[in-house]
Amino acid sequence: MNNTPESATTVTIPTPLRRIGIYCASNDGARPAYVEAARRVGTLLATRGLAVVYGGGRTGLMGAVADAAMAAGGEVIGVMPHGLVQREVAHTGLTALHIVDSMHERKAMMAEMADAFMVLPGGIGTLEEFFETWTWAQLGVHRKPIGLLDVEGFWSPLQQLFDRIEQEGFLRGTPRRWLQVSEDPVQLLQALSTFDAPVVRRWLRLGET
Ligand code: AMP
């Protein structure tokens, strides 16, 4: 990572994607479309030979992604703080389950292992993970793309909020360019695979977050 100013240029990430970090709900949500989309994502990643890195639970959309990926012969890596193992019902049928000490360690490990992120519908846990990963891109901690899977317009209000934040001058420069948005998992994966990372100054390293 160099210290080139963010306006200078863009470069293509040279390495192909190997592992996709998934942030999503620990419950099913109100519409069948959410679980269906989660299963599609799991199957898609497995059939493309991409590993899933996620929170390690077996409930909700988290479990649906993991089960579908495992059923399609994929690799699934869970990362869960030990305090949540009972509460979130850890998935015992994964390729690997890393038990870590804290929520922060979980997020740092997931962010380090994944080459790109997909955010499926979810609640405040999902939002927290998404925003932290996005702000880490803004701070130059990583250069990995983030995709919002817009199942039945779930993320549209958030997009409108980002428009408003941008219009009001609070979101400037490159941050929105890290975000890819699609309702179609295949298109979203394609966008993540071809992402040109903006060059941003590295303000922090992962250990400093
Ligand atoms: P939710 O979207 O609320 O169903 O949560 C989805 C996942 O986000 C769960 O695995 C939570 O453990 C996780 N998560 C990550 N960071 C947090 C946090 N600070 N507070 C609550 N949940 C979190």
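The values are calculated or read from the model by the stated rules, or taken from the named source; none is laboratory data. Everything numeric here is computed off the predicted structure, so don't read it as measured data. Backbone-built Cβ (ideal geometry, glycine too); neighbour counts: all protein chains shown. In case anyone asks, the SASA skips ligands and DNA or RNA and just uses the protein heavy atoms, side chains included. Shrake-Rupley method; radii C 1.70, N 1.55, O 1.52, S 1.80 Å.
What pairs come up if the first residue lies in the range 148-164 and is closer than 20 Å to residue 21 by Cα, the second is in a helix (DSSP H, G or I) and aliphatic (A, V, I, L, M), and their beta carbons are under 6 Å apart, counting only those six or more places apart or on different chains?
Partner pairs satisfying both residue conditions: 149/188; 151/33; 151/37.
Please go through the range 47-69 and give me each residue that is open to solvent by less than 10 Å² (accessible area, probe 1.4 Å) and not hydrophobic (A, V, I, L, M, F, W, C), ordered by number. Don't jump to the end; show me each part of the working.
Step one: filter the range 47-69 for residues open to solvent by less than 10 Å² (accessible area, probe 1.4 Å), giving 51-57, 61, 63, 65-66, 69.
Scanning the range 47-69 gives 54, 55, 56, 57, 63.
Hey, residue 117 hits all of (1) crowded, with 20+ Cβ neighbours inside 10 Å; (2) more than 10 Å from the ligand (Cβ to nearest atom); (3) more than 13 Å from the chain's Cα centre (by Cα) but one; which does it fall short on?
(3)
Can you spot a residue in the range 92-99 that is away from the ligand (no atom under 14 Å from the Cβ), in contact with a Pro (Cβ under 8 Å, 6 or more places away or on another chain) and either polar (S, T, N, Q) or over 11 Å from residue 54 (Cα atoms) (or both)?
No: zero hits.
Are any of the residues in the range 70-86 surrounded by 15 or more Cβ atoms within 10 Å (Cβ to Cβ) and in a helix (DSSP H, G or I)?
Yes.
Checking the conditions here, which among 172, 177 is touching a strand residue (DSSP E or B) at 6+ places or on another chain (Cβ under 7 Å), open to solvent by 60 Å² or more (accessible area, probe 1.4 Å), more than 16 Å from the ligand (Cβ to nearest atom) and at pLDDT below 95?
Criteria check complete, one pass: 177.
Please give the number of the condition residue 123 fails out of (1) within 11 Å of the ligand (Cβ to nearest atom); (2) under 18 Å from residue 29 (Cα atoms); (3) surrounded by 15 or more Cβ atoms within 10 Å (Cβ to Cβ).
Checking residue 123 against (1) within 11 Å of the ligand (Cβ to nearest atom); (2) under 18 Å from residue 29 (Cα atoms); (3) surrounded by 15 or more Cβ atoms within 10 Å (Cβ to Cβ), the one that fails is (3).
Conditions (1) over 26 Å from residue 162 (Cα atoms); (2) within 11 Å of the ligand (Cβ to nearest atom), marked per residue:
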position	(1), (2)
59	yes, yes
64	yes, no
71	yes, no
101	yes, no
106	yes, yes
138	no, no
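Does residue 126 satisfy the criteria of being of a type in the set (Val, Ile, Thr) and over 11 Å from the mean Cα position of the chain (by Cα)?
No.
Among what's in the range 17-38 and is among the charged types (D, E, K, R) and either under 12 Å from residue 151 (Cα atoms) or assigned to a strand (DSSP E or B) (or both), pick the residue that is nearest to the chain's Cα centre (by Cα). Before you say what the answer is, go through the steps one by one.
Initial filter on the range 17-38 (among the charged types (D, E, K, R)): 18-19, 28, 31, 36.
Then keep just the ones that are either under 12 Å from residue 151 (Cα atoms) or assigned to a strand (DSSP E or B) (or both); that gives 19, 31, 36.
Working: 19: 10, 31: 21, 36: 18 Å.
For the range 17-38, the residue satisfying everything is 19.
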